[in-house]
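Notes follow the structure.
Please treat every number below as a calculation from the coordinates, not as lab data. Keep in mind it's a predicted model, so treat the numbers as computed, not measured. Cβ sites come from the backbone with ideal geometry, for glycine too, and all protein chains shown count toward neighbours.
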Amino acid sequence: MALPKRKFSKSRRDKRRTHWKLSSPNLIACPECGKWKLPHRVCPYCGYYRGRQVLVIEKEKKE
């Protein structure tokens with residue numbers, strides 16, 4: 001196995017890792033119900049996509 005000749009400094013190691021960051025999801029408000037959802041996907045709360053209902057979402061029964 002190959003081994004490095006010298007130890008990489010912490011700053012050099014961290015420079016390589018600068019792009020290892022998480023990005024927040026791009027959320028938009030659903031035009032039907034107003035809840036946040038991912039773009040180009042069916043709303044998981046109301047079931048609408050592009051102004052049409054494509055999923056029937058069952059309402060939770062309140063006790």
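Of all residue pairs spaced 6 or more apart or on separate chains, those with beta-carbon atoms under 7 Å, a first member in segment 12-27 that is of a type outside the set (K, R) and a second member that is surrounded by 10 or more Cβ atoms within 10 Å (Cβ to Cβ) are P25/L38; L27/W36; L27/K37; L27/L38. Please go through segment 5-26 and pick out each residue that is assigned to a loop (DSSP other than H, G, I, E, B) and either surrounded by 11 or more Cβ atoms within 10 Å (Cβ to Cβ) or at positive phi (or both). Within segment 5-26, F8 is the sole residue that qualifies. Kindly evaluate L55 against the criterion of being within 21 Å of the chain's Cα centre (by Cα) and either in a loop (DSSP other than H, G, I, E, B) or at positive phi (or both). For L55, the condition - within 21 Å of the chain's Cα centre (by Cα) and either in a loop (DSSP other than H, G, I, E, B) or at positive phi (or both) - is not met. Contact annotation: residue pairs with Cβ atoms under 9 Å, 6 or more positions apart or on different chains, pairing a residue in segment 32-48 that is without any contact (Cβ under 8 Å) to a residue 40 or more places away in the chain with a partner that is outside any loop (DSSP other than H, G, I, E, B) and of a type in the set (G, A, S), are K35/A29; W36/A29; K37/A29. A residue that is in contact with an Asp or Glu (Cβ under 8 Å, 6 or more places away or on another chain), among the hydroxyl-bearing types (S, T, Y) and surrounded by 10 or more Cβ atoms within 10 Å (Cβ to Cβ) can be found somewhere in segment 33-54.
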